[in-house]
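Working notes, structure below.
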Amino acid sequence: LDDTEVRFLNRQGLVEGIKSIFKQSKSEIVILVPYIKISDAIWQEMKNAEKKGKHIIIVYRENEMKSVEKDKLYSLPHVTLLNHPHIHTKCYMNEESIIIGSMNLYEHSEVYNREMGVLAHLDSFDTIYEDAKREIREVIKASTIEKKSHLVINNGFKINILTTDEELLRKYLDPINKV
């Protein structure tokens, strides 16, 4: 994806885009979806990202995941699972890109449903990306941690890609201002 481009995605584009979110992530992936039944293709990308030590944070609707899916996700040490009673958004993001669309992380959706979404690069729409980060942070704050990844257990619950530009700027300017 060109960093000045926003792209419309149909169902197949969403599947490929979600896979690329995993592949192109440097260290963190955040997913907000109400329903989860992971396809083999997405599961493979998730496991590959996990093997590379990428922290995968998933927020889903409480009581809407079968135990088989939970067991799969619990088997991955770098996955943090949160649940929220009213989550309905479908959002996939890494450090560079965000997909907002209609597709759940659900195998049936990848094969049969008519789905649409938009893929945007961080540099193409800074305001949209910043607004999305703020909303995702609010959802996560209102969620309940169900499973902590090893990274969260060892280092605390921080999601670097959700740091706003203002917070980053403050982080760099505070030491200078003290001088």
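The values are calculated or read from the model by the stated rules, or taken from the named source; none is laboratory data. Keep in mind it's a predicted model, so treat the numbers as computed, not measured. Here the Cβ is made from the backbone with ideal geometry for all residues, glycine too, and neighbour counts use every protein chain on show. SASA here: full protein model, heavy atoms, side chains in, ligands and nucleic acids out. Shrake-Rupley method; radii C 1.70, N 1.55, O 1.52, S 1.80 Å.
Just a few scattered comments:
- Top-ranked residue in region 8-30 [being buried (at least 21 other Cβ atoms within 10 Å of the Cβ) and β-branched (Val, Ile, Thr); ranked as farthest from Lys158 (Cα to Cα)]: Ile18
- Region 125-158: number of residues that are touching a His at 6+ places or on another chain (Cβ under 7 Å), under 13 Å from Leu32 (Cβ atoms) and in a helix (DSSP H, G or I): 1
- Subset of region 70-98 (residues that are among the polar types (S, T, N, Q) and within 15 Å of the chain's Cα centre (by Cα)): Thr80, Asn83, Thr89, Asn94, Ser97
- If you go through region 158-176 and keep only what is open to solvent by 80 Å² or more (accessible area, probe 1.4 Å) and either among the β-branched types (Val, Ile, Thr) or closer than 17 Å to Leu82 by Cβ (or both), you end up with Lys158, Asn160, Ile176.
- Taken over region 75-101, the criterion of being in contact (Cβ under 8 Å) with a residue 60 or more places away in the chain, within 17 Å of Gly17 (Cα to Cα) and either outside any strand (DSSP E or B) or of a type in the set (Lys, Arg) (or both) is satisfied by Asn94, Glu95, Glu96.
- Sole residue being at pLDDT below 95 and open to solvent by less than 50 Å² (accessible area, probe 1.4 Å), chosen from His108, His78, His84, His121: His121
- Filtered by the rule that a residue be more than 21 Å from Glu28 (Cβ to Cβ) and among the polar types (S, T, N, Q), region 42-92 gives Asn63, Ser67.
- Residues in region 31-67 that are hydrophobic (A, V, I, L, M, F, W, C), within 17 Å of Leu151 (Cα to Cα) and open to solvent by 30 Å² or more (accessible area, probe 1.4 Å): none.
- Just one of the numbered conditions (1) touching a residue at least 12 places away in the same chain (Cβ under 8 Å); (2) in a helix (DSSP H, G or I); (3) of a type outside the set (A, V, I, L, M, F, W, C) is not true of Glu166: (1).
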